[in-house]
Structure formats: structure tokens, C-alpha cells
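Student: Would you mind keeping the following structure in view while I ask a few things?
The values are calculated or read from the model by the stated rules, or taken from the named source; none is laboratory data. Everything numeric in this text was worked out from a predicted model, so none of it was measured. Here the Cβ positions follow ideal geometry from the backbone for every residue, glycine too, while neighbour counts run over all protein chains shown.
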Amino acid sequence: MSSNPLRITDTILRDAHQSLLATRMSTGAMLPIAEKLEAVGYHSLEMWGGATFDSAMRFLKENPWERIRVLRKAIPTTKFQMLLRAQNILGYRHYPDDIVEKFVQHAARNGIDIFRVFDALNDTRNMAWAMKCVKESGGHVQASICYTLSPVHDVDSFVSMAKELKEMGADSICVKDMAALCTPYVAYELVKRLKEEVGLPVQFHTHNTSGFGMAALTKAADAGVDVVDTAISAIGGGTAQPPTEPIVATFQGTERDTGLDLTLLSEIAEYFAGIRAQHLPRFETGLKTADIRVLLYQIPGGMLSNLVNQLRQQGAEDRWEEVLAELPRTRKDMGYPPLVTPTSQIVGTQAVLNVLMGERYKIIPQEVKDYCRGLYGRPPAPINPELMALAIGEEEPITCRPADLIEPGFERAKEEIGDLAESEEDVLSYALFPGPAREFLQLRREGKIRPIEEPRIFPVEEPAQAAPTRPVKAAIAPVPERPVRPQPSHSLWKLTYRVRGGR
């Protein structure tokens, strides 16, 4: 056994299928292979968070909290890891501090060990409360740097941010390269400096969208990275993480030998290949090869698969290239935000509108207006003054932490959902995703929810979605819910996926 093994986090139960298969893998599809996943000896399994919570209720009709409990029984010793969007939790806007606190408490109590905390704007003010809650719940705080390229982002800025995160109580640092932008030699430089100047364990997360993935992980390992994210080959590569098995083989017999068994990994891959072929072809993105244009349009893997899926459903696939060309222009106007949920949806939706409307900023969704108001946090660079004028006129953006303006929300959510909620977990589900949660809880009350252990990917009655015949204005990718504004009459929990009209 190597004295300095490269440790592996496998994303097969979360980011792999979120990136490639629209987050449609159910708990029942995971359980038959759980014993072998437990036997591998992974550093951790990323198996919760991101889009899985919403998708579980909305499409799979299963309780996302139950997923942790059921998998924990089947995989008792391997560390479980989740992706936590800091003050956004798992949603698309900022939530009250009491909701964040209760969510983290319940996640830790159910079996989440490592919380990868990030903010879409790298605004550490938005990360502080979630990190504190994880610490107090006994979890491991993995504070993340959203890696991106722009005139205001470089290695120095990322190292500086990591130092600040260490002072805030981080247990480890994750380089979160969600759009596969980090080239191998930059990965080496960044990891080396983080190890030397910050002194915390470093984990490296990337996607294979650009084709850099394998080389970037290799150079990160050479620089001393502690852990890397990979995905079992059957649902790896492409817009997901680099495949696990080649990384394991690459370091066999070296000082970074992972110690993992390739034969066992191949058996796991064979299982997931069958799952993918049998159940998931209609959720494929169609982007199966490396696309170096990611360096220009910087769309993360999960956004790619969902944007392609949306354009396909709306019959607008022929505008794909125009949208790709518009994305970097829109991002520049908005102050170069890293493209990760929810900013990826905000920028992406505005870019789609700019193309489909035939005029830039003819329609500005409410989410973009609220971004300009500072309700998502502090942009990395100043927003284009012309966009600011169109979006909010003479209004001054806020300068405080956005969540400071949000009233506590748990008791309000509890009152709204009423006796459909049988536990605090149900209230939290409703607080995050009111529509899907209410529908799920009503179906549960009516006895229409199938056992979570049932091996399926999606309900057989879920219809394939054809392209609608609606006007083009309505035929756009859905946008995330707007942040909560400090208005007493505003409903904290209203979830909407439509674009609001006008500028």
C-alpha cells in the first residue's frame, strides 16, 4: 500500500447522473450495487445534494431524506458527501438562516459526513452561516472555490479566497471546476500553492467536458492533491467527471497508488452500464465527446445536459450555436459570475432570451433584475451600467449579505404546509421546493408513493415531453426562483419556473 495514496470520491450516485442523465437515477437503482460500492474503499461517495433533492420529489416521486437513510443502511462505513449551495441550500435563491440551520442538522443526523459548501459568486459572506451550521452539527466543512476564467479571476485570487475560508473554519478546500476550464498545468500550480500556502487538505473536482479532465487530475495529483472526484466509467466522462478506472490504473505502482481494485470497479461499471442502457437513453445529452468550445462559453456539465434537454423539448435546438456565442457576452455584462447553480441558470436564460427575442435585453427576467440588485451576492466585477439601467433603473443595489434581509421562515413554512407534513424534514422539503413537495406529500397521504427500494429510474407513467406549439417567448429554458425580497406581502415559498414578462 502506498504511503501517500491518491484518494477517490466517486460521484456515480450524484453528479455523474446529474451531468449526463438529467438526475434521473432513483434510490432503487442504487441499492443492488451498494454492497460493492461499500467494498471499494472510496474516500467518500457523493450521493446527495445538487439537483438530486428536487429531482427525487419532482420526477421520481421519492423522499430525498429517505434516500440517505436507506443508502446508509446499505453502505454503513463509507463516508457520504453532499453538495450544499451555502445560503441557497439546494434551491435557486437565498433561504433564511433558520432554514439553513435546520436543513444541515437533519442532513448530518441522517448520515451526511462531508458537506461541500460553495457560493455561485465566490462571495464568502454567503458561505459563512452554512459553514458554521455544518461545524456545529459535527460535519466536515469542505469549503469550495468555484474555478472560472475571466479578467478578474486568477490563481492569486483563488489562493487568497482559500486563506479566507480557512480562517472561517474550513476543514478542507475543494477546487470546484464545474465547467472543465482548469487546464492541467494551471491545476498543478493552483493545487501546489494551496498545499503550500493554505495548509489544508485539497480536493479537486472537474468535469471531462473540455477533454482536460484526466490530465488535470493527473497534474493535480503530481502537485500533492489529497482527493480527486471521478465517476465510474459507465456514467463517467463527457460532461460528468473523468472515469474512475483509468485514474486508478494510472497511479498503480506509483507513490500515489489508490489501492482500489480494478476488477471490483469493472463489476460496478458493468452494473451501471446496464442501468444506463435499459432505462436512461431518453435523458442523454447527446454531448458524448470532448468539446473544447467550453473554454469560450463556460457551461458546466449539469447546465449543458439540462439546457440541451430544454432546447430539445422546445424545438429550439437549431438555435444552440447562437446561444453558445451569446453566453460569454451576457456573462461579461453581468460581471463575470462563475457559471454554477443558480448563476448558470440566470445567465443562461438571459442569453437564450437575447437570442430568441432577436434583441439583447428586450426581456429581462426578474432573476436578472434581482441579481443586479445584489440579492444573490456581490458580483466578481462591476455589472455593465447599461444592463443595470435597463434592469433596475436608478435603484441602488444592496451592499449587505442578502440573507440579512430575509425573515425566519421555518414556522411560516410549517403553517403553510399544515398537516401534510409529518416531520420537520417534510417542512424543509416544502420550504425548499413548495410545488413538488406539496404534490409528493399529497400523493404519500393518498398511498400512491411506491417503496423507495423499488428498482426503477423514473415512474413508468412519466411521459416523454414533445416540443410544444406555444409562442417562442414561452419556449425557453426554465429560470430559477427569484431571491426573497424584504417585503412582508411576498410569499417566501412560491416556486415558479416561468420567465416574468417585461424588463
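Student: Restricting attention to the stretch 347-359, and to residues there that are out of contact with any Ser or Thr (no Cβ under 6 Å at 6 or more places or on another chain) and without any contact (Cβ under 8 Å) to a residue 24 or more places away in the chain, which single residue is surrounded by the most Cβ atoms within 10 Å (Cβ to Cβ)?
Tutor: The initial filter retains those residues of the stretch 347-359 that are out of contact with any Ser or Thr (no Cβ under 6 Å at 6 or more places or on another chain), namely 348-349, 352-359.
With without any contact (Cβ under 8 Å) to a residue 24 or more places away in the chain added as a condition, the list becomes 358-359.
On the way: Gly358: 8, Glu359: 10.
My answer is Glu359.
Student: To continue, here is another question. (1) in a helix (DSSP H, G or I); (2) buried (at least 19 other Cβ atoms within 10 Å of the Cβ): which one isn't true of Val141, the others all being true?
Tutor: Of (1) in a helix (DSSP H, G or I); (2) buried (at least 19 other Cβ atoms within 10 Å of the Cβ), only one is false for Val141: (1).
Student: Within the stretch 35-50, how many residues turn out to be surrounded by fewer than 21 Cβ atoms within 10 Å (Cβ to Cβ) and of a type in the set (Gly, Ala, Ser)?
Tutor: 2
Student: Of the residues that make up the stretch 90-102, is at least one at positive phi, surrounded by 24 or more Cβ atoms within 10 Å (Cβ to Cβ) and among the β-branched types (Val, Ile, Thr)?
Tutor: Keep residues of the stretch 90-102 that are at positive phi, which gives none.
No: the stretch 90-102 contains no residue that is at positive phi, surrounded by 24 or more Cβ atoms within 10 Å (Cβ to Cβ) and among the β-branched types (Val, Ile, Thr).
Student: Conditions first: (1) touching a Lys or Arg at 6+ places or on another chain (Cβ under 6 Å); (2) among the acidic types (Asp, Glu); (3) in a loop (DSSP other than H, G, I, E, B). Glu367 passes all but one, so which condition is the exception?
Tutor: Status for Glu367: all satisfied but (3).
Student: Return the residue satisfying two criteria in turn: it lies in the stretch 178-226 and is among the hydroxyl-bearing types (Ser, Thr, Tyr) and surrounded by fewer than 20 Cβ atoms within 10 Å (Cβ to Cβ), and of such residues it is farthest from Val117 (Cα to Cα).
Tutor: Here is the first cut: in the stretch 178-226, the residues among the hydroxyl-bearing types (Ser, Thr, Tyr) are 183, 185, 188, 206, 209-210, 218.
Narrowing further to those that are surrounded by fewer than 20 Cβ atoms within 10 Å (Cβ to Cβ): 183, 185.
Working: Thr183: 23, Tyr185: 25 Å.
Checked the stretch 178-226; the qualifying residue farthest from Val117 (Cα to Cα) is Tyr185.
Student: Now for a different question. Residue pairs, Cβ under 6 Å, 6 or more apart or interchain, first in the stretch 226-244 and in contact (Cβ under 8 Å) with a residue 40 or more places away in the chain and within 17 Å of Ala273 (Cβ to Cβ), second outside any loop (DSSP other than H, G, I, E, B) and aromatic (Phe, Trp, Tyr). List them.
Tutor: Partner pairs satisfying both residue conditions: Ile232/Phe272; Ala234/Phe272; Ile235/Phe272.
Student: Please enumerate the residues belonging to the stretch 193-247 that are of a type in the set (Phe, Trp, Tyr) and either modelled with pLDDT under 95 or in contact with a Gly (Cβ under 8 Å, 6 or more places away or on another chain) (or both).
Tutor: Taking the stretch 193-247 as the starting set, the residues that turn out to be of a type in the set (Phe, Trp, Tyr) are 204, 212.
Passing the criteria: only Phe212.
Student: Do we find that Gly435 is surrounded by fewer than 19 Cβ atoms within 10 Å (Cβ to Cβ), of a type in the set (Gly, Ala, Ser) and over 24 Å from the mean Cα position of the chain (by Cα) in this structure? Write out each step before concluding.
Tutor: On the way: surrounded by fewer than 19 Cβ atoms within 10 Å (Cβ to Cβ): yes; of a type in the set (Gly, Ala, Ser): yes; over 24 Å from the mean Cα position of the chain (by Cα): no.
Taking the combined requirement at face value, the residue does not satisfy it.
Student: Could you go through the stretch 83-98 and let me know if any residue there is outside any helix (DSSP H, G or I), of a type outside the set (Lys, Arg), in contact with a strand residue (DSSP E or B) (Cβ under 7 Å, 6 or more places away or on another chain) and closer than 30 Å to Pro5 by Cβ. Talk me through it step by step, then tell me what you get.
Tutor: Of all residues in the stretch 83-98, those outside any helix (DSSP H, G or I) come to 83-85, 89-96.
Checking which are of a type outside the set (Lys, Arg) leaves us with 83-84, 89-92, 94-96.
Cutting the leftovers down to in contact with a strand residue (DSSP E or B) (Cβ under 7 Å, 6 or more places away or on another chain) gives us 83-84, 90.
With the extra rule that they be closer than 30 Å to Pro5 by Cβ, the set shrinks to 83-84.
Checking the stretch 83-98: at least one residue is outside any helix (DSSP H, G or I), of a type outside the set (Lys, Arg), in contact with a strand residue (DSSP E or B) (Cβ under 7 Å, 6 or more places away or on another chain) and closer than 30 Å to Pro5 by Cβ.
Student: Tell me the helices (runs of 4 or more DSSP H) entirely within the stretch 164-267 that contain at least 1 residues that are of a type outside the set (S, T, N, Q), under 25 Å from the mean Cα position of the chain (by Cα) and under 23 Å from Pro338 (Cα atoms).
Tutor: Numbers: elements: 184-197, 213-222, 244-250.
So the answer is 184-197, 213-222.
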